[in-house]
Structure formats: C-alpha cells, structure tokens
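To keep things clear, I will list the structure first and then write my remarks on it.
The values are calculated or read from the model by the stated rules, or taken from the named source; none is laboratory data. Bear in mind that the values here come from a model prediction, so they are computed numbers and not experimental data. Ideal geometry is used to build each Cβ from the backbone, glycine not excepted, and the neighbour counts take in all protein chains shown. Remember, those area values only see protein heavy atoms, side chains included, never the ligands or the DNA or RNA. Shrake-Rupley method; radii C 1.70, N 1.55, O 1.52, S 1.80 Å.
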Amino acid sequence: MEDMVIDIFEESARIKKEFVYEYAEDIVNFGILLAKRLEAGFKVLICGNGGSAADSQHFAAEIVGRFEKERKSYKAIALTTDTSILTAVGNDYGFDYIFSKQVEAIGEKGDILIGISTSGNSKNVIEAVKVAKEKGLFTVGFLGKDGGILKEIVDKAFIVKSDNTARIQETHLVLEHTICKIIDMYLTGEIEK
C-alpha cells in the first residue's frame, strides 16, 4: 500500500515537471497579460465541470480576495456558481449552454474567459469559448489529455498531457496558484511594468 502512495506522488510530480518545462514562459506571459487586463478594469470569467467547477470558484476567489499579498480586489467570476442561472438555462436551453449564455450576458471585449476541461471536449465549455470569441474576449483553455476540441479554438491552450483526471486537476491547481502569484507580484509592483 505504501508503494502505491509513493507511486501516486511520484507520478503527480513527474507530470507537473513535464508540464512546467513545456509551458514556463507561456505561464509567465499569460499571468502578466491577465494582471494587465485586470488592472485595466477588465474581468476574467472562468468555467468548468465537476472538479474543474471547483477550480473555477477557487481561482476566482483568489483574484477577488487575495492570493498571498494584500492588494485591491479585481473582477473575476466563476460561471459555475449561480444555481438559478444554471438550472434555468439547463432546463430551457440545455446543459451545453449554461456557460455560453452567461458569457453572452456579461462578457465584454477585452475580458478573458478561462475554460477548464480535463478532456478538452466539454461541450458547455466549447460553447462558452465560441461565444467569447464572437464577443472579442481572449480565450484560454486549461486542458488535459491531448487538448481535445478546445485546443483548436482557444487563443491559448495549456495542456496537461495525461489521461489521469486526478493528475490533470492537480496540475491545473498548481497552474492556477502560479498565475495568482504572478498577478500578485505584478499588481503590487514586484514585477516591473
């Protein structure tokens, strides 16, 4: 049993290392872009299903509240939280449109949409990205496996190349925390503007 536990931790560490070596520069660039957009008054909309819905909420909370440094609050909305919208849209239009209808309503040119999908094929995230692109939002995918359909339609894809959903989600969480660290550093002047 202890060997299994060690194997899980080692696999998680290996996948994270492979991911960061591939995307380190892109992570820095996206973190600074996101910080600049937030500072300019734009907002970030975040969506995903299941564990990725929880990640959406966690990520939004770190931007609105704070991550590690005291700073002013910035605009971030997890599109996974309003049960009345989710159930009304799901009932009237279908589950595939629970995020896209919200992007249609509140997304504005210059905002950023982050779609989180461990498969890269979540239909409701795909629909949200389509609407976001029509409205002029910058679209980003935090994805897994081979990136699925989303890797082809987002402006920037971060793909955790694993078929294990838990390992993908663990890597997405580190990615989110790292971006929050970059945002904090930029917005508090630790990174030169």
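Some notes on this structure:
- Trypsin sites (Lys or Arg not before Pro) within the stretch 24-86: DSSP coil, no more than 12 neighbouring Cβ in 10 Å: Lys72
- Heavy-atom accessible area, probed at 1.4 angstrom with all protein chains present, ranks Thr87, Thr139, Thr188 as Thr87, Thr188, Thr139, highest first.
- Solvent-accessible area, 1.4 Å probe, carbon plus sulfur percent, for the chain: 53
- Using 0.36 nm per residue and subtracting the Cα-Cα separation, the extra length available between Lys193 and Thr165 on full extension is 6.4 nm.
- Lysines whose Cα lies under 21 Å from that of Lys69, excluding same-chain neighbours fewer than 8 positions away: Lys36, Lys43, Lys181, Lys193
- Once the 1.4 Å probe is applied to the protein heavy atoms, the chain comes out at 50 Å² accessible per residue.
- The convex hull defined by the C-alpha atoms of the stretch 102-174 has an orientation-averaged projected area of 4.4 nm².
- Only protein heavy atoms count here; under a 1.4 Å probe, Leu137 has an accessible surface of about 10 Å².
- Beta bridge orientation in the stretch 83-193: antiparallel %, DSSP, nearest 5: 0
- The distance between label points at Met1 and Asp82 comes to 4.7 nm (points 7 Å beyond Cα on the Cα→Cβ vector).
- Only one of [x] 0.97; [y] 0.95; [z] 1.01 was calculated from the structure for Rg/Rh (Cα atoms, Kirkwood Rh), and its label is [x].
- On full extension, the segment bounded by Asp146 and Ser73 gains 22.8 nm, given 0.36 nm per residue less the C-alpha separation.
- Our note on the geometry: Cα centres of the stretch 1-42 and the stretch 57-73, 18 Å apart.
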